[in-house]
């Protein structure tokens, strides 16, 4: 489980993003998954400034992240205080010297770093919409990762939308951080008992009898058969009560008219 | 590993999406992860048509998916041929009767269905940008899932960007599909479809009306409530047929005596 302090150790770095909406979308994804440190690397500030202006539109609730984001002119400046630096890349026909780990294998390394108290900072880098991270930019990374996509034979070039790529990476961190965590508790409602189910079975048998279903379809109306139908009916005791109420009402009406 | 045939069994359904760029972004995410069947549920066609027009801008390479996407006026129509129906929802303060599984726990169910030869179709539903899926729309789902997000104490409402939510869900499927997936045994019986379940719901509503259950217990007799009762009734098409036979026989008797 990633604590708030763990999360604060991650910095998302967008390198050369051109589209202000994508910067806003990245900030929104960060907010959804509880990360707050954003850095923008760009030799001109227009897209970042436009994203800050537009944030009310494109980055619901992410205004604070954009407001606190920092602009850097060069990648080395943006990375200076980071220990682990992970670069994202589409595999494609790029020739890189480092191994490229699928995201689900890279996430544990990043998690371990984030969960180490005293780690100054870990960085997750995303390249521009057009080109992704260049080989030169990738060379600043300790590790490279790629989001496993579906590449048909004829795919020349697969690349993800920047906001979606950020969302998927932060989801993977959150997801991997949850493993070993307890599953979300089942609803606390009292479960249906075998007795509830058997009473349902008997009521349904009676309904089938009274409405002459049993006479017309005897093969479907023997108790084991009917029991297999009523088994899945009720998970909770309340559901069982509701079904019993419905069946009793049917019986009441059917008998009244006899 | 999800094969191309497995992937073709999944339909992504966007319910009430308003923003054409989001429809385009969803199509793009589908293309990235190799899924192609998209359905749009909307009572007016403008956002879908705008998305088709804009696709060269907002949905790089996803033109074919948008071109082949189908528009439906109602959710039951869009779901009719689907067996497993999974609805996505932000947990928030919604009160739903079904348990909500975190995405990483829901994915294996969906994968199993997709990897079962002969499965007609599984559906993954996303609600509108403003409201998400309503309780009424959620009542058509067999299972509910949520993307685990980071909710600080003061978060009133967390919701993800639509395109990002689609990307995260399809990533999880791709990711889970990569984990040593075991072969799934052939199904021995045709599974129940959403249309089967909806016909059961309508028959039960009619029975409740005719037997005056609705008048006496109106709180238990609204359609979403009844739908939650009928969801677990039938796993197979044959079970659905048996239940329909029982309900029709009740109706026949009740009407005969009027």
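Structure summary
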{"read-out": "Condition check for residue A:172: over 30 Å from residue B:207 (Cβ atoms), at pLDDT 90 or above and within 13 Å of chain B (Cβ to nearest Cβ)", "value": "yes"}
{"read-out": "Matching entry among B:123, B:107 (being touching a strand residue (DSSP E or B) at 6+ places or on another chain (Cβ under 9 Å) and farther than 22 Å from residue B:41 by Cβ)", "value": "B:107"}
{"read-out": "Enumeration of residues in region B:221-246 that are outside any helix (DSSP H, G or I), in contact with a helix residue (DSSP H, G or I) (Cβ under 7 Å, 6 or more places away or on another chain) and facing another protein chain (nearest Cβ under 7 Å)", "value": "B:233"}
{"read-out": "Subset of region B:21-36 [surrounded by fewer than 24 Cβ atoms within 10 Å (Cβ to Cβ) and assigned to a loop (DSSP other than H, G, I, E, B)]", "value": "B:34, B:36"}
{"read-out": "Options B:18, B:39; residue that is modelled with pLDDT of 90 or more, in a loop (DSSP other than H, G, I, E, B), touching a helix residue (DSSP H, G or I) at 6+ places or on another chain (Cβ under 6 Å) and on the phi < 0 side of the Ramachandran plot", "value": "B:18"}
{"read-out": "Residue B:61 at pLDDT 90 or above and touching a helix residue (DSSP H, G or I) at 6+ places or on another chain (Cβ under 8 Å)", "value": "no"}
{"read-out": "Residue B:201 at pLDDT 90 or above, assigned to a helix (DSSP H, G or I), facing chain A (nearest Cβ under 10 Å) and surrounded by 15 or more Cβ atoms within 10 Å (Cβ to Cβ)", "value": "no"}
{"read-out": "Residue check for residue B:189: loosely packed, with under 15 Cβ neighbours inside 10 Å, under 23 Å from residue A:218 (Cα atoms) and either modelled with pLDDT under 90 or away from chain A (no Cβ under 12 Å) (or both)", "value": "yes"}
{"read-out": "Checking residue B:249 against (1) more than 8 Å from chain A (Cβ to nearest Cβ); (2) outside any loop (DSSP other than H, G, I, E, B); (3) buried (at least 20 other Cβ atoms within 10 Å of the Cβ), the condition it does not meet", "value": "(1)"}
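The values are calculated or read from the model by the stated rules, or taken from the named source; none is laboratory data. In this text the structure is predicted, and so the values were computed from the model without any measurement. Cβ atoms come from the backbone with ideal geometry, glycine included; neighbour counts cover every protein chain shown.
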